[in-house]
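Colleague: The structure follows.
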Amino acid sequence: QVQLVESGGGLVQAGGSLRLACAVSERTISPYPMAWFRQALGKERESVAALSWNGGTTLYADSVKGRFTISRDNAKNTMYLQMNSLKPEDTAVYYCAARRGLGAKLRGEEYDYWGQGTQVTVSS
């Protein structure tokens with residue numbers, strides 16, 4: 001069973017930055033396209049960013065384009081989300097996910113494995 005563990009969340013002021021990490025328990029995450037999703041209190045889960053198994057393809061939600069960067073280090077079995085110019089509306093629990101299929105996807109239904117989430121709070 002693949003286990004995903006997020007870290008790096010916290011409280012930051014608007015305009016600040018955070019870097020989330022997602023560590024994967026599998027011996028290698030190389031085969032898995034992965035993604036970040038988020039869910040704000042009282043709202044539905046939404047996609048943030050996704051990338052292919054080698055990082056060659058990246059997808060972003062319009063709301064984070066130009067501010068967030070998704071990346072991965074397969075040698076370290078870890079995926080990252082660099083978040084810059086944070087806004088109060090970015091406040092949410094952030095989840096990482098991995099899928100057995102091919103290609104980066106922004107639909108949560110496409111993903112098979114999920115982490116427990118890490119809270120990101122952006123104060124105004």
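The values are calculated or read from the model by the stated rules, or taken from the named source; none is laboratory data. The structure presented is a predicted model; accordingly, all values stated were derived computationally and were not measured. Every residue, glycine as well, gets a Cβ built from its backbone with ideal geometry; the counts of neighbours run over all protein chains shown. To get the accessible areas, we keep the full protein, side chains included, count just its heavy atoms, and leave off ligands, DNA and RNA. Shrake-Rupley method; radii C 1.70, N 1.55, O 1.52, S 1.80 Å.
Colleague: Looking at the range 18-54, which of its residues are part of a strand (DSSP E or B), closer than 15 Å to Glu6 by Cα and not aliphatic (A, V, I, L, M)?
Modeller: Those that are part of a strand (DSSP E or B), closer than 15 Å to Glu6 by Cα and not aliphatic (A, V, I, L, M): Arg19, Cys22, Trp36, Phe37, Arg38, Gln39.
Yes or no, residue by residue, for (1) touching a Ser or Thr at 6+ places or on another chain (Cβ under 7 Å); (2) over 19 Å from Gly10 (Cα atoms):
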position: Leu51; (1), (2): yes, yes
position: Leu59; (1), (2): no, yes
position: Asn74; (1), (2): yes, yes
position: Asn77; (1), (2): yes, yes
position: Gln82; (1), (2): yes, no
position: Val120; (1), (2): yes, no
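Colleague: Hey, another quick one. Determine if the range 71-78 includes at least one residue that is in a loop (DSSP other than H, G, I, E, B) and modelled with pLDDT of 95 or more.
Modeller: So far as the range 71-78 goes, no, none of its residues is in a loop (DSSP other than H, G, I, E, B) and modelled with pLDDT of 95 or more.
Colleague: Something else now. For residues in the range 81-98 being more than 13 Å from the chain's Cα centre (by Cα) and of a type outside the set (Asp, Glu), which is surrounded by the most Cβ atoms within 10 Å (Cβ to Cβ)?
Modeller: If we take residues in the range 81-98 being more than 13 Å from the chain's Cα centre (by Cα) and of a type outside the set (Asp, Glu), then Leu86 is surrounded by the most Cβ atoms within 10 Å (Cβ to Cβ).
Colleague: Taking the range 55-70, which residues are of a type outside the set (Ser, Thr, Tyr) and either part of a loop (DSSP other than H, G, I, E, B) or free of Cβ contacts under 8 Å to residues at least 40 places away in the same chain (or both)?
Modeller: Correct list: Gly55, Gly56, Ala61, Asp62, Val64, Lys65, Gly66, Arg67, Phe68, Ile70.
Colleague: Something else: Residue by residue through the range 79-123, note down the ones that are part of a loop (DSSP other than H, G, I, E, B) and more than 17 Å from Asn54 (Cβ to Cβ).
Modeller: Asn84, Ser85, Leu86, Lys87, Thr91, Leu106, Arg107, Tyr111, Asp112, Gly115, Gln116, Gly117
Colleague: Still on this structure: Between residues in the range 106-124 that are among the charged types (D, E, K, R) and residues that are surrounded by fewer than 16 Cβ atoms within 10 Å (Cβ to Cβ), which pairs lie under 6 Å by C-beta distance while being six or more apart or on different chains?
Modeller: Asp112/Arg100
Colleague: Still on this structure: Restricting the search to the range 23-34, which residues are in contact with a helix residue (DSSP H, G or I) (Cβ under 8 Å, 6 or more places away or on another chain) and buried (at least 21 other Cβ atoms within 10 Å of the Cβ)?
Modeller: If the condition is that a residue be in contact with a helix residue (DSSP H, G or I) (Cβ under 8 Å, 6 or more places away or on another chain) and buried (at least 21 other Cβ atoms within 10 Å of the Cβ), then Ile29 is the only one that fits.
Colleague: Filter the range 99-111 for residues that are open to solvent by 50 Å² or more (accessible area, probe 1.4 Å) and either at pLDDT below 95 or of a type in the set (A, V, I, L, M, F, W, C) (or both) and give the result.
Modeller: Arg100, Leu102, Leu106, listed by residue number.
Colleague: Same structure again: Report the residue count in the range 6-22 for those that are more than 20 Å from Gly66 (Cα to Cα) and either open to solvent by less than 10 Å² (accessible area, probe 1.4 Å) or at pLDDT below 95 (or both).
Modeller: 1
Colleague: I'd like the residue in the range 35-69 that is of a type in the set (Lys, Arg) and under 18 Å from Tyr111 (Cβ atoms) and, out of all such residues, is least open to solvent (accessible area, probe 1.4 Å).
Modeller: This residue is Arg38.
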